[in-house]
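Everything on this sheet refers to the single structure shown next.
The values are calculated or read from the model by the stated rules, or taken from the named source; none is laboratory data. Bear in mind the structure is a predicted one, so any value in this text is a computation, not a measurement. Positions of Cβ are generated from backbone atoms using ideal geometry, with glycine treated the same way; all protein chains shown enter the neighbour counts. Side chains are part of the model used for accessible areas, which takes the heavy atoms of the whole protein and leaves out ligands, DNA and RNA. Shrake-Rupley method; radii C 1.70, N 1.55, O 1.52, S 1.80 Å.
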Amino acid sequence: MIAGLALSGSVSLETAADRLGTSPRTLQRRLTESGLNFWALVEQSRFEIAAALLRDTDLKVQEIAVRLGYSSPGGFSRAFTRWAGCSPSVFRAARCRAEWREMGRNDARLR
């Protein structure tokens, strides 16, 4: 569900709660009880979508940035570099795929 929100560009705790038929506070409480963080889940979803789009399509980095709700390609590139340890263009060229640190479910856990 979060991936769908990320692709629609309307990512917020309120929107997610509404889609799940609950209040934002209840959703936040349930995530916290599970040791999860909403924004870490959003980031994880964005990373997984971005990696798949870079790997499997010929979309320009700018197009991927827009699809994921980034207002600028630079912001997307900085976020992707933080997630993968390399830039989107380097990732796409497969020069760092063997070494990239794929975000695991533990990254969405509260710290």
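Matching residues to (1) open to solvent by 30 Å² or more (accessible area, probe 1.4 Å); (2) assigned to a helix (DSSP H, G or I):
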| site | (1), (2) |
| --- | --- |
| ALA3 | yes, yes |
| VAL11 | no, no |
| THR15 | yes, yes |
| ARG19 | yes, yes |
| GLN28 | yes, yes |
| GLN44 | no, yes |
| GLN62 | yes, yes |
| GLY69 | yes, no |
| GLY75 | no, yes |
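Evaluate the following for ALA51: is it buried (at least 18 other Cβ atoms within 10 Å of the Cβ) and at pLDDT below 95? Spell out the reasoning first.
Details: buried (at least 18 other Cβ atoms within 10 Å of the Cβ): yes; at pLDDT below 95: yes.
So ALA51 passes the test.
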